[in-house]
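Down below is the structure, laid out as C-alpha cells.
Only the coordinates and a few stated rules stand behind these numbers; no lab work does. Note that the structure is predicted; figures quoted are calculated from it, not measured. Neighbour counts run over all protein chains shown; Cβ positions are idealised from the backbone, glycine included.
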Amino acid sequence: MTSDKLFRSMEISASGLHAEWVRMQVLANNVANAETTRAEDGQPYRKQHVIFSTLMDGMNGVAVRGIVPSDAPPTMVYNPGHPDANAEGFVAMPDIKVPLEMVDLLTASRAYEANLAAMNKFRQICEEAIKLLR
C-alpha cells in the first residue's frame, strides 16, 4: 500500500472537519441574526445555507461549494412599536426558526466530532503499528 493511499482516510476526515466547521459558523450566524430586521442592504437578514459536494475523483471527501442566501420571504410579525414597522404595524423578520437552527447546529457538531474521532482512531492505529515495528 502506498503512503498516499494510507493517509487518504485522514484527508477525507479533514475535509469533513472543515465542511462541518463552516456549517457551524453559518448556523451560528443565522441564530445571531434571527431578529435582524435591517441588514447591510436595508432588508431583513436572509438565512444562509452551506452547499456541500463530494469531491468527484473517487472517495475523496467533501467540499464546501458555497454559501447561499435563502429564497424564503421574510415573516411578517405584528409589532407596531418597532422602528421598522410598516404603516399597518407589521415588521419583516428573517425567516429563521431558532430551534431548527439549533438542531442543525447540534447535527453539524456531531458530524464534526465523528470526523475527529475517525482521525484519532487512525492516529492510534498508526501508533500501534509503529510500536509493533520496534
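In whole Hz, with x marking every Gly and Pro, tabulate ³J(HN,Hα) for the stretch 87-92 from phi via Karplus 6.51 cos²θ - 1.76 cosθ + 1.60, θ = phi - 60°.
Working through the residues one at a time gives 4, 8, x, 9, 10, 7 Hz.
Measure nothing fancy, just the Cα-based angle from helix 98-133's long axis to the longest principal axis of the chain, in degrees from 0 to 90, nearest 10.
That helix lies at roughly 10 degrees to the long axis.
At what distance in nm do the modelled label points of Glu113 and Ala87 sit from each other, each positioned 7 Å from its Cα along Cα→Cβ?
5.3
Decide, for the stretch 19-79, between rounded, prolate and oblate: order the square roots of the alpha carbon gyration tensor eigenvalues as a ≥ b ≥ c, take rounded if a/c falls under 1.5, and otherwise choose prolate if a/b is larger than b/c, else oblate.
prolate
Choose one answer from Met102, Met93, Met76: the residue with the largest mean-square fluctuation in a GNM of the chain with alpha-carbon springs under 10 Å.
Checking each option, the largest mean-square fluctuation is seen for Met76.
Which entry in (i) 45, 14, 9; (ii) 36, 17, 11; (iii) 19, 17, 14 matches semi-axes √(5λ) of the Cα gyration tensor in Å derived from the coordinates of this structure?
Among (i) 45, 14, 9; (ii) 36, 17, 11; (iii) 19, 17, 14, the one derived from this structure is (i).
If R₀ is 41 angstrom, what is the calculated FRET efficiency for the pair Ser9 and Asn79, using the beta carbon separation as r and rounding to 0.05?
Here the calculated transfer efficiency is 0.20.
Could you list Tyr78, Tyr45, Tyr112 in order of exposure, starting from the residue whose Cβ has the fewest other Cβ atoms within 10 Å?
Tyr78, Tyr112, Tyr45
Could you give P(r) for the stretch 53-98, binned at 10 Å from zero, as whole percent values over all Cα-Cα pairs?
23, 25, 19, 14, 12, 5
Quick query: amide H of Met93 versus all other amide H atoms, modeled in the peptide plane; which residues come in under 5 Å with a sequence gap of 5 or more or a different chain?
Thr75, Met76, Val77
Roughly how compact is the stretch 1-50, stated as its Cα Rg over 2.2 N^0.38 Å to two decimals?
1.83
Taking amide H atoms as placed 1.01 Å from N in the peptide plane, list the residues 5 or more away in sequence, or in a different chain, whose amide H sits under 5 Å from that of Phe52.
Amide H neighbours of Phe52, under 5 Å, 5+ apart: Arg65.
For the chain, take the longest principal axis of its alpha carbons; what is the angle in degrees between that and the long axis of helix 8-32, to the nearest 10 within 0 to 90?
20
Only Cα pairs under 8 Å and at least 6 apart count here; give the relative contact order of the chain as a rounded whole percent.
30
Got a sec? Charge dipole of the chain, +1 on Cβ for Lys and Arg, -1 for Asp and Glu; which of Phe122, Val31, Gly81 is way out at the positive end?
Phe122
Using a Gaussian network model of the chain with C-alpha springs under 10 Å, which one of Glu101, Glu88, Glu20 is most mobile by mean-square fluctuation?
Glu88
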